[in-house]
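Read the structure below first, then the notes.
Where a number appears in this text, it was derived from the coordinates with a stated rule and is not lab data. Values in this document were obtained by computation on a predicted structure and should not be read as measured data. Cβ atoms come from the backbone with ideal geometry, glycine included; neighbour counts cover every protein chain shown.
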Amino acid sequence: MERYGMILRLKPEFEQEYLEYHKAVWPEVLSLLADCNVRNYSIFLRDSLLFAYYEYVGTDYQADMATIAADPKMKEWWVIMEPMQEPVASHKPGEWWVRMDEAFHTD
């Protein structure tokens, strides 16, 4: 199992809409994440900064992420979400959610 932490900016004017969507994430999106070995997915919000955490329990991360990215329902979800968001200043070209380095962990 591998842990992932990532950050992204939420445009302040979309905070309420973003939270409303995430109160009722589409079942197809949730099923896809589970089918692609994503577990314990959480998103936290503070001062327009989104922090996402999930655990990947599969054996081929790249293939599972490609499956997620190719899914029509996920693409539809992203079309709604992306205008509400913007990458942090330190993002690399083509990067949206910016992966963080794990500095500490305990069970």
Exercise for the section: Name the residues whose placed amide hydrogens come within less than 5 Å of the amide hydrogen of LYS11, ignoring near sequence neighbours (fewer than 5 apart) on the same chain. Expected result: GLN85, GLU86
Completion exercise
Whole-Hz Karplus couplings 3J(HN,Hα) for region 88-97, θ = phi - 60° and coefficients 6.51, -1.76, 1.60, Gly and Pro as x, run 5, 4, 8, 5, 8, x, x, 8, 9, 5
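Using 0.36 nm times the number of residues separating GLU76 and LYS23, minus their current alpha carbon distance, what extension gain do you get?
Numbers: separation 53, 0.36 × 53 = 19.08 nm, distance 1.71 nm.
Here the answer is 17.4 nm.
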Exercise for the section: Once you've got the GNM for the chain with C-alpha springs shorter than 10 Å, pick whichever of LEU45, LEU33, LEU19 has the biggest mean-square fluctuation. Expected result: LEU19
Problem - Ascending count of other beta-carbon atoms within 10 Å, so fewest first, for THR59, THR67, THR106 - result: THR106, THR59, THR67
Exercise for the section: Within 10 Å of each residue's Cβ, count the other Cβ atoms and sort LYS92, LYS73 from fewest upward. Expected result: LYS92, LYS73
Exercise for the section: Sort ILE80, ILE43 so the one with the fewest other Cβ atoms within 10 Å of its own Cβ comes first. Expected result: ILE80, ILE43
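Evaluate the relative contact order of region 2-99 (contact order divided by residue number), counting alpha-carbon pairs under 8 angstrom at least 6 apart; express in whole percent.
Working: 119 pairs, mean separation 41.9, N = 98.
Averaging sequence separation for qualifying contacts and normalising by length gives 43 percent for region 2-99.
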